[in-house]
Structure formats: structure tokens, C-alpha cells
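A short write-up of the structure that comes next.
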Amino acid sequence: MSSAARGAPLAIEGLAKQYGDVVALAPTDLTIERGEFFALIGPSGSGKSTLLGAIAGFVPPSGGRILIDGDDVVAVPPYRRNIGMVFQNYALFPHMSVFENIAFPLRLRKASEAEIRARVERMLAMVRLPGMGGRRSNQLSGGQQQRVALARAAIYDAGLLLMDEPLGALDKNLREEMQDEIKQFHRQIGATVLYVTHDQEEAARLSDRMAILNHGRLVQVGRSRDLYEAPRNAFVASFLGEANLFAVRHMTSTGGGLAVDTREGIPLAALRGPAGAINGAAVMACVRPEAIELARPGASGLDNRVEGVVDDVVHAAGTVRYRVRVGDGFAITVRRPSRLQAEDPGVGERVALSWRADDTLLILKE
Amino acid sequence: MTPRGDALARAMRVLLPCFTVLVLLYLTLPSILIVLMSLSDQTYLTFPPPGWSLRWYRTMTEDTSWPQAALNSFVVGVPAAALSVVLGTQAALALTRGRLRFAAIASACIVAPMLLPHVIMAIGLYPVMLDLGLLRSYTAAILAHAVVALPLVFIIVSASLRGYGESLELAAMVCGAGPCATFRHITFPMIRMSMAVGGLLAFATSFDELMLSLFLTGPGTRTLPRLIWEQMNAYLTPTIAAVATLVLVLSLVLLGAAALLQRGRIEGSAP
């Protein structure tokens, strides 16, 4: 009957929340496209739950506007916003069957019994729980409960779906399976999704774009790849994946790039200066562990070269992580693909590290 | 294990059950004695009774003041319990779900009547009820009993509300349920067992209450505990033991019902 829901665009303008003197969310602007899968990531206490709560209508903002499909909903109570939401602990109603849980929003909307039956059955099939309508929610596994929660959030064709760490309670393998399912579900229903997680890998797998929050502030917005390859500051660089960070003391232009003097005493070669930087004191250099080549001492290498002693070697699922001590108390992490019968350097061996100048990312400290 | 430790463990296996039985006897003996004394064939309260008879149960039903007092206890207890359930549940909802600034102080005020000596409340209420012209009325006793029974409902319903967190209610709201629909479809089904348990205990509190009844009821509205108290001073016949036995049986039935409801509540909400 009902066609797939059309996504609603979401625009946030100057949205802020303060509790007394504590700033939970600094004035924030954000635009999410129609039908986009958008992830909000950040450590706990970064303001992502406050932002989500304000959009859902649980947290009255101190200022700003929330536009869903062009309408400001700040003054609208949660039950009239027509948003779907999936909670971290599923929040299924324990005194209702699976069928009644999914039918609940339709009953509130006074749908006819025949329509409710048809739509719930179709939704049950869509989330791969056909014939499970009669079960109680506490008879289901974690993954099944999550699918019921998805079905309940989507059954009334809301243009915007909020998901608050929906996979946080599941173990790793099930989580990855459910990620694929959520992604497919999103493609089928077409709604705009705002997905909160503290897991950057999950955000990368699921989302079209993501926003990183820290201390109640939006730090950077973009595609996962953009954020990884061009982090705005040291926080983004170390929150997304691993980063070797150097404190920059001084930068001078050379023929083809920049010569960088670092507090760690390792001179670096870079191609581009940091975007929007004013002086060298607030700049850091970031080198990703997988950009670094590992060779025997004395071998000719790339633009950046440094020698050190292997401190630690960890083999984990296809990659080898080396910690290489290059100076007093300073170590560089290197990640290489693990190959069979490769003659990898062991702990205590001296090695040469090298990487290309354009892999030295100059970024802001804050 | 050392021989000494072994002996100690063996002694404990004997001593612990003995101690347990002693404590249980200490707790239940007064009630058991009352039952035995009510079956006495003497005209005064004595223990152990030299002979057995059921005559005092007959005396109790022949004297109209006992059935009247029992009826009064229900006329006071049922509305008092109902009032406690309504007000106690609302207070619990406000203090667990609302974000009130003075929640801790409000909570202390609500629970206080349970901890304060009833005689203090009785002395305070006496002139107030006198002024209002409510002294010796059912209304006075109902209002006073609701105050002392309300904390029980408040505590039990609050615990139940805290037990499942507020995300269910938030989820219902997102689904489109306004405050009333959320209460009807989600909150009430989750807490109704606790409300019933609270109501039973509230009734039991009122049924058992003496001090407030002494001050606030009159000859026409006196409750069972008050009549027992008056008869104790005047006659001290085994009729009192017979009445007390019946009160004990009713209290046990109420407690049993509350326990059954509690069990149902726990099983119903198990994950």
C-alpha cells in the first residue's frame, strides 16, 4: 500500500544546550540531505546524545532551530514530530507481543485493523522475522529485538529515523551482521537516518557522511575518507584510526614543499601546510601507521627517513603492528599487511622507517 | 581443613538452624499465643488456657459493637488505600520521571509520615479536624490514614518506575503517544502490579492503625484496633484474643495476596 518513505532533509541552525554553566552543546549548524545516512560520532560526553535528544524532542534546546523538511520543530512535542527512533536498549514494550510493538504507532494513528495487519506482516517479512509476530519481545535474541525496534521505528513512514547506538549491546560478529542489515534496510525505506555511535568503524561502514563531536562542539563534517585523509585537527586524526602525532616547532618553505622542525627532534618533509593555520605553534604533523615503509637500516627510502629499534610486534587479523622507538621515549607505530613467510624484523632489531612527503599531514593542534 | 576448623563447621551446621528457629519463634510467638488464648474456656485472658472452647468467637458475633467496628475499619481503610494509591502513584511519577529541582526534599516530605510517631501527627491533626468540624467522622480517619499509608505506595511504585527506566515512555512518545496515551498504554501496564501491592499494604496499614483512630474517631466511627484497645482497658476477656485472631488472619491474607502479586510482577517483567 504505502510506498517507501521519502526521506526528510534535516537542518540544524545554531542549536545549543546549556545546563547552568555547563555547555552540553555549543551553537551548532548542520545540514543533512534528504535520504542521507549520516553518522554522529564522538567520545562519551561529546554532546552527540544531547544533539540527538534535542532532535527527538526530549531535550529542550537553549537556543537555535531544528528544521525537519523545512519546518521548525523546536516547539513541537516529541509525539507530534513524526520521527522514528531506535534506542540503544531497544526499548521494546515488554507487555506487548512483537506484532503489537510494531503495530503500536499505527494504532495511535487510528489505522484500520486490516491495514495494520497488512503493514505489520509486510514489515515483519522485511526485517526477516516472518511469523514471529506472536512472540513476546523477551523471547527474542538481541539481534531479533533490534530488528523489531527497526520495524517499529519505520512502520509509520517517518521521513527521519534517529538511531542511538542501536548496536551497542551486541557482540562484535552480530554487530557487523546487523550493520549490513541496517544499511540494506535504509536503502529499502529511503528515510533520512541520523545514527549516533562511538564506534568510528561502524560509522564508516554505514554512513554517507559523518560529523565528529568533541566537548560539545562539532569538529568536522565529511565523508569517512575525507576525515581520515584530511583531518582538521589532532583530535579527529587520533579518533579516526591511529595517528603518529608530532608537535611542530617551525616550518620553512623549500623548493617543492615544507621542511618541518618538530619538538620530538625528527625533521620532517611535507607537501602542504595546514588548512587555516596561523602560526607554527598550534600545528601538528600526523603520519598514518600504514603510510610508513619498513626496511633494513641504510636502505634508501622515501622523502622522510628515520631509524629506530623495534619495541613491540603484534600480529592481528591480517596486519602487523610495530612500535619503533626512535628517540627518548618517543615511538612510532607502523602497520603493515601480514604476509606468509615474510622476514619481518623482530623485537630489538634496528630498522629504517620512511614515508612520502605527502603522507606527512600538517594539521591544527586544536 | 584443620580438625579445629572441621569441628567448627560441624557445630555451625547444628547451631545455625537452631538459631534460625529461635529467631522465627521470637517473631511469631506473640501471634501464636493470641490464637491459643482465644480458644480458652476461662472468662479472663490467661496462658496457657486450662481448657479449650470456641465460646468467645460466639460472644464476639453476639455483641454488635465488634461487627460495627470491623465495618468501620473497612469504611475507613478502603477509601484511605484508594486515596494513597492515586496520590502516591502521582507523586512517584513526578519524582522519578520529572526533573524537579527539589526532588530530594519533596521525597523526604512524602516518606516522613511513615517514620514520624503517629502520636505527633494525631496531636497535630486533632485541633485541625476539630476546627473543620470533621472530628469523629470517617473523613477525618480516612484523610489521616491516607497520609501514613501513602509512603508505602510511593516507595513501591517509585522502585517499579526506576526498575524499567524511562526509555519505554520516550519510545512511546516518539511513536506518537501523547502523555495520556503513554500512561495508559505503557506506564500503567508496567506499574499496575506495584500499585495493587501498594494498595494492599496501604489498606493493611489503615486496618492496623490505632493512634490516629484513638484521636480522630468517635463511638460511631471507631475502628477495630480502637475497640480492642477500649475493651482491653475495660474487660480483658478472651473475646479480644478472638478478634485479634481474626485481624491476624485477615492481615495474613492481605500479605499473602501482596506476595503473590509481587511474584507475578517479577515474573511478568523478567527479560
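The values are calculated or read from the model by the stated rules, or taken from the named source; none is laboratory data. Note that this is a predicted model, so its numbers are computed, not measured. Virtual Cβ from ideal backbone geometry, glycine too; neighbours counted across all protein chains shown.
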All positions within segment B:165-178 that are assigned to a helix (DSSP H, G or I) and within 8 Å of chain A (Cβ to nearest Cβ): B:Ser167, B:Leu168, B:Leu170, B:Ala171, B:Ala172, B:Met173, B:Val174, B:Cys175
Selection status of B:Phe154, more than 14 Å from every other protein chain (Cβ to nearest Cβ) and without any contact (Cβ under 8 Å) to a residue 60 or more places away in the chain: no
Criterion violated by A:Pro345 - all others in (1) at pLDDT 90 or above; (2) within 20 Å of A:Glu242 (Cβ to Cβ); (3) buried (at least 16 other Cβ atoms within 10 Å of the Cβ) satisfied: (1)
Selected residue (criterion: nearest to B:Phe215 (Cα to Cα)) from residues of segment B:130-149 that are assigned to a helix (DSSP H, G or I) and over 24 Å from the mean Cα position of the chain (by Cα): B:Leu130
Every residue from segment A:329-341 that is closer than 16 Å to A:Asn244 by Cβ and in a loop (DSSP other than H, G, I, E, B): A:Gly329
So A:Leu51, is it within 25 Å of A:His186 (Cβ to Cβ), in contact (Cβ under 8 Å) with a residue 40 or more places away in the chain and either crowded, with 21+ Cβ neighbours inside 10 Å or among the hydroxyl-bearing types (Ser, Thr, Tyr) (or both): yes
When residues of segment A:297-315 are limited to those that are of a type in the set (Gly, Ala, Ser) and part of a loop (DSSP other than H, G, I, E, B), the one farthest from the chain's Cα centre (by Cα): A:Gly298
Scan of segment A:98-127 for residues that are touching a residue at least 24 places away in the same chain (Cβ under 8 Å) and away from chain B (no Cβ under 13 Å), ordered by number: A:Val98, A:Phe99, A:Glu115, A:Ala118, A:Arg119, A:Val120, A:Met123, A:Leu124, A:Met126, A:Val127
The listed residue being basic (Lys, Arg) and in a loop (DSSP other than H, G, I, E, B), out of A:Arg122, A:Arg128, A:Arg117: A:Arg128
Evaluation of A:Arg152 against (1) modelled with pLDDT under 95; (2) of a type in the set (Lys, Arg); (3) buried (at least 20 other Cβ atoms within 10 Å of the Cβ) (one fails), failing number: (1)
Residue match in segment B:235-247 (condition: modelled with pLDDT under 90, polar (S, T, N, Q), within 24 Å of B:Ile142 (Cβ to Cβ) and surrounded by fewer than 22 Cβ atoms within 10 Å (Cβ to Cβ)): no
Any hit, segment A:246-260, residues being crowded, with 21+ Cβ neighbours inside 10 Å, free of Cβ contacts under 8 Å to residues at least 24 places away in the same chain and touching a helix residue (DSSP H, G or I) at 6+ places or on another chain (Cβ under 8 Å): no
Where B:Ala241 falls short, out of the listed (1) within 14 Å of chain A (Cβ to nearest Cβ); (2) in contact with a strand residue (DSSP E or B) (Cβ under 9 Å, 6 or more places away or on another chain); (3) touching a residue at least 60 places away in the same chain (Cβ under 8 Å): (1)
Among (1) modelled with pLDDT under 95; (2) more than 10 Å from chain B (Cβ to nearest Cβ); (3) surrounded by fewer than 20 Cβ atoms within 10 Å (Cβ to Cβ), the one test that A:Asn89 misses: (2)
Checking A:Arg6 against (1) under 23 Å from the mean Cα position of the chain (by Cα); (2) closer than 20 Å to A:Arg209 by Cα; (3) not in a strand (DSSP E or B), the condition it does not meet: (1)
Selection count where residues are within 14 Å of chain B (Cβ to nearest Cβ), closer than 25 Å to A:Gln184 by Cβ and surrounded by fewer than 18 Cβ atoms within 10 Å (Cβ to Cβ), scope segment A:128-138: 1
Sole residue being away from every other protein chain (no Cβ under 14 Å), small (Gly, Ala, Ser), under 17 Å from A:Gly14 (Cβ atoms) and surrounded by 15 or more Cβ atoms within 10 Å (Cβ to Cβ), chosen from A:Gly70, A:Gly64, A:Gly42: A:Gly64
Residue under evaluation B:Leu93, criteria (1) under 30 Å from B:Ile186 (Cα atoms); (2) surrounded by fewer than 14 Cβ atoms within 10 Å (Cβ to Cβ), criterion not met: (2)
From B:Arg222, B:Arg226, residue being away from every other protein chain (no Cβ under 14 Å) and outside any helix (DSSP H, G or I): B:Arg222
